[in-house]
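Every read-out reported here was derived from the displayed coordinates using simple, explicitly stated rules and does not represent laboratory data. Just so it is clear, the model here is predicted, and its values are computed rather than measured. As a convention, Cβ positions derive from the backbone with ideal geometry for all residues, glycine included, and neighbour counts pool all protein chains shown.
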Amino acid sequence: SEIIAKYEVMERVGSGAYADVYRGRRLSDGLIVALKEIHDYQSAFREIDALQLLQGFPNVIVMHEYFWRDDEDAVLVLEFLRTDLATVIADAAKANQPLPAGQLKRWMIQILSGVDACHSNMVLHRDLKPSNLLISENGLLKIADFGQARILTEPGIDNDDTSPNTPDGNATCTTSDINKEDDEENELGCFTSCVGTRWFRAPELLYGSRDYGLEVDLWSLGCIFAELLTLQPLFPGTADIDQLSRIISVLGNLDESVWVGCSKLPDYGIISFSKVENPAGIEARLPNRSPDEVALVKRLVCYDPAKRATAMELLHDKYFNEEPLPVPISELPVPL
Ligand code: ADP
């Protein structure tokens, strides 16, 4: 086929729910690439669609080209990225060495820039986690794995309006999205119970929300930042109920006093938890971290989606302009 004529396929470097990833070499110039073969139409279509919108942003993975092979299979030609943030965290945890604040800030800024690129183009990633934040040998961090991404269209706004959308934390899925979502939930539920994605799921999703928005990514971001700070997952739930129970033991019960409207969530009345008298608070989960760091995580890990800070707002947080300043990208240690 066309792809075989242009690329030499080398060893397999990874596999996911619907995809196999191979290292490859472009025959014309020897460029090393990643060839991601996706076996699911929906997921291939989503990933191609989202990546096409997001080319040119430094913190989003580069897609050189793609091929549809038949009705189901697509092969994406991506830049080859050697490692990921999960490996950075695991290495630091193994060495029992917290990440120095200047490095932490540079990783966070890159993640925020990538998420801001997605959200200002109305791309909801829906699966942000350290293993989907890939890293080049120069320390450039790139958001990857858009197989669950969704492009949001605001109700009333023409879909093929080509003018760039402005960032809007309040955008939600349109009705057609919600209908599509119905087909998908079983599949997605199965997927999340097979992998660790649950740890990064926002409470509105755990309560069955179908009209959620960009804010679900912001919750995931808060979980990722907490993990960078402590080298431990913030809410490592073993099942969906356990996931909610861990969140509640830290944040307290979810009720109308913290999020007006939460009692209308589809599963709110179905899943109820006994009263947590003394919630631990995020600070208890971030021992030995500075008040600024705790405050940053709190701006993301909060029940009411409307109260979560956007990626752009966080990029302007004074935390990033205070000593120790973020190190240059070239000074970030990249795992081999
Ligand atoms: P899935 O959507 O099935 O989870 P991923 O995009 O997460 O697939 O890819 C699965 C694995 O393949 C990743 O965990 C990673 O190890 C590897 N991989 C993915 N993309 C690249 C890339 N661009 N460069 C190098 N390795 C990659």
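Please specify each residue of the stretch 255-305 satisfying the condition of being outside any helix (DSSP H, G or I) and aliphatic (A, V, I, L, M). If the condition is that a residue be outside any helix (DSSP H, G or I) and aliphatic (A, V, I, L, M), then V258, V260, L265, I270, I271, V276, A280, L286, L300, V301 are the ones that fit. Determine if the stretch 61-69 includes at least one residue that is over 24 Å from I111 (Cβ atoms), crowded, with 21+ Cβ neighbours inside 10 Å and in contact with a helix residue (DSSP H, G or I) (Cβ under 8 Å, 6 or more places away or on another chain). Checked the stretch 61-69: no residue is over 24 Å from I111 (Cβ atoms), crowded, with 21+ Cβ neighbours inside 10 Å and in contact with a helix residue (DSSP H, G or I) (Cβ under 8 Å, 6 or more places away or on another chain).
Would you confirm, using the coordinates I've provided, whether T83 is within 30 Å of E322 (Cβ to Cβ), within 9 Å of the ligand (Cβ to nearest atom), surrounded by 15 or more Cβ atoms within 10 Å (Cβ to Cβ) and of a type outside the set (D, E)? Yes, satisfied. Cβ-Cβ contacts under 7 Å between residues 6 or more apart (or on different chains), taken from a first residue in the stretch 218-246 that is acidic (D, E) to a second residue that is assigned to a helix (DSSP H, G or I), are listed as E227/I89; E227/P130; D240/R198; D240/L206.
If the condition is being in a helix (DSSP H, G or I) and without any contact (Cβ under 8 Å) to a residue 40 or more places away in the chain, then the stretch 87-144 contributes A90, K94.
When the stretch 129-156 is filtered for residues that are more than 12 Å from the ligand (Cβ to nearest atom) and under 14 Å from the mean Cα position of the chain (by Cα), the ones remaining, listed by number, are L141, R150. G222 falls short on exactly one of the conditions (1) under 18 Å from A295 (Cα atoms); (2) outside any helix (DSSP H, G or I); (3) touching a helix residue (DSSP H, G or I) at 6+ places or on another chain (Cβ under 6 Å), and that condition is (2). Screening the candidates L265, L315 for the property of being closer than 18 Å to S209 by Cβ and either aliphatic (A, V, I, L, M) or touching a Gly at 6+ places or on another chain (Cβ under 8 Å) (or both) yields one hit, L265. Counting only strands (runs of 3 or more DSSP E) wholly contained in the stretch 1-49, the ones carrying 2 or more residues that are among the hydrophobic types (A, V, I, L, M, F, W, C), within 19 Å of D145 (Cα to Cα) and within 14 Å of the ligand (Cβ to nearest atom) occupy 19-26, 32-38. Does the stretch 58-73 contain any residue that is in a loop (DSSP other than H, G, I, E, B), of a type in the set (S, T, N, Q) and in contact (Cβ under 8 Å) with a residue 60 or more places away in the chain? Looking for residues that are in a loop (DSSP other than H, G, I, E, B), of a type in the set (S, T, N, Q) and in contact (Cβ under 8 Å) with a residue 60 or more places away in the chain, one finds at least one in the stretch 58-73, hence yes. Does D292 qualify as being acidic (D, E), surrounded by 18 or more Cβ atoms within 10 Å (Cβ to Cβ) and under 23 Å from the mean Cα position of the chain (by Cα)? Judged against the criteria, D292 is not a match.
Any idea which residue in the stretch 52-69 is nearest to L81 (Cα to Cα), counting only those that are more than 11 Å from the ligand (Cβ to nearest atom) and hydrophobic (A, V, I, L, M, F, W, C)?
It comes out as V60.
In this structure, is S257 among the hydroxyl-bearing types (S, T, Y) and surrounded by fewer than 14 Cβ atoms within 10 Å (Cβ to Cβ)? Yes: the conditions hold for S257. Can you tell me which residue within the stretch 203-235, out of those that are over 16 Å from the mean Cα position of the chain (by Cα) and within 27 Å of A101 (Cβ to Cβ), is surrounded by the fewest Cβ atoms within 10 Å (Cβ to Cβ)? Looking at the filtered set, the residue picked out is Q232.
Name the single residue that is nearest to L124 (Cα to Cα) among those in the stretch 306-323 being more than 21 Å from the chain's Cα centre (by Cα) and part of a loop (DSSP other than H, G, I, E, B). The extreme case among them is E322. Looking across the stretch 234-266, the residues that are in contact with a helix residue (DSSP H, G or I) (Cβ under 8 Å, 6 or more places away or on another chain) and either of a type outside the set (A, V, I, L, M, F, W, C) or on the phi > 0 side of the Ramachandran plot (or both) come down to P236, G237, D240, Q243, D255, E256.
Mind checking whether some residue in the stretch 106-125 is buried (at least 23 other Cβ atoms within 10 Å of the Cβ), within 14 Å of the ligand (Cβ to nearest atom) and farther than 23 Å from S330 by Cβ? Yes, that holds for at least one residue.
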